[in-house]
Amino acid sequence: MRIGVPKEIKNHEYRVGLTPASVAELVAAGHEVVVETRAGTGIDFADEAYTRVGAKIAPDAAAVFAGADMIVKVKEPQPQEIALLEPRHTLFTYLHLAADKPQADGLIQSGATCIAYETVTSNSGALPLLKPMSEVAGRMSIQVGAHYLEKEQGGRGELLGGVPGVAPCKVAILGGGVAGINAAQMAVGQRADVTIYDISNERLAELDLHFGSQIKTAYASKAAIAEAVTRSQLVIGAVLVPGAAAPKLVTRDMLKTMMRGSVLVDIAIDQGGCFETSHATTHDDPVYEVDGVIHYCVANMPGAVARTSAFALNNATLPFVLRIANHGAEAAMQADRHLAIGLNVSGGKIRHQAVAEALDLPFEAWAA
């Protein structure tokens, strides 16, 4: 198969769909790989690093799309990339369509087969291709939250972990999944006062066993969340409903009860965000203030640590890329129901029910 890797063009996005090591595996398996020039320079991979392992270098994205059967990316395709897609293409990347109807419309019109990293599942029901970026975003959320609590950033001027004689900040983490648990690990490491909220009692029990007395857990009722935002200096939104829009857990009215200079970090912003006042921001302009509360809602948080993120993502995606390349998308999905669940759009139809419901569009199941 001919596999294309365009340079990412989202704001401050330096990750790359395939590292040279991944390209080497594909070339060894008999596939052709074409990489857009300078696609990897943001993480210190020059074009020569790709040519050394057998890739061809293309001058622009148009040449990559024209010469490839499968396009492997990191972030959702931008409008100028969607315009290059054809029915013959398989697109394999993060899509997050539930909060992006224009993108969904464009992919439907393209006729391409579009498989989303974030909805591919595993035998345990986990999301193996979302997990590495959820780990990164969860850990980053505490890092950026602590930064924006600093006075010169507009925050309260409080140190997350306090010091002897001065109490640590209270951190409320909404969601006890992969992002939430990684956020908690970092917050505990900084000696913050951490509470994780979740609607699964089973998950809360698991978190209690994992962390012991290092954190507190609470059922995520509306009343509990309202109380949490009132007394917490840092609130992390880490909820996820696979394929669907994130629920709005913190309302504008709740925001008015928060301490001035406190910080919200919305990890769920790719799926529309879990705070009513959230809207996507960029690394160029990452924060804004509503009612005296700082909002950090960058839609590609892991792009800030692009090298770490690119390696982590490739470790997870490469086996699936190889499977699709070796057998073709249709046969690969027929053989692997978990990969088939990753299918969001094909043949001009929405193929994932949660995506269709979130966008209020017709759903038509893919026939294996």
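The values are calculated or read from the model by the stated rules, or taken from the named source; none is laboratory data. All of these numbers come straight from a predicted model, not from anything done at the bench. Reconstructed Cβ throughout: ideal geometry from the backbone, glycine too, with neighbour counts over all protein chains shown.
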Just one listed residue, out of Glu150, Glu81, Glu86, Glu76, is under 16 Å from the mean Cα position of the chain (by Cα) and of a type in the set (D, E, K, R), and it is Glu76
Residues in segment 330-342: is at least one in the same structural domain as Ile71 (by TED's automatic domain parsing), outside any helix (DSSP H, G or I) and not β-branched (Val, Ile, Thr)?
yes
Which one of these does Leu318 not meet: (1) in a helix (DSSP H, G or I); (2) buried (at least 20 other Cβ atoms within 10 Å of the Cβ)?
(2)
Would you kindly identify the helices (runs of 4 or more DSSP H) lying entirely within segment 64-160 that contain at least 3 residues that are of a type outside the set (D, E, K, R) and surrounded by 18 or more Cβ atoms within 10 Å (Cβ to Cβ)?
101-110, 131-148
Subset of segment 17-57 that is over 18 Å from Thr90 (Cβ atoms) and β-branched (Val, Ile, Thr) - its residue that is surrounded by the most Cβ atoms within 10 Å (Cβ to Cβ)
Thr19
Tell me which of these His12 doesn't satisfy, since it passes every other one: (1) free of Cβ contacts under 8 Å to residues at least 40 places away in the same chain; (2) surrounded by fewer than 17 Cβ atoms within 10 Å (Cβ to Cβ); (3) not charged (D, E, K, R).
(1)
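Within the bounds of segment 296-304, is there any residue that is among the hydrophobic types (A, V, I, L, M, F, W, C) and in a helix (DSSP H, G or I)?
yes
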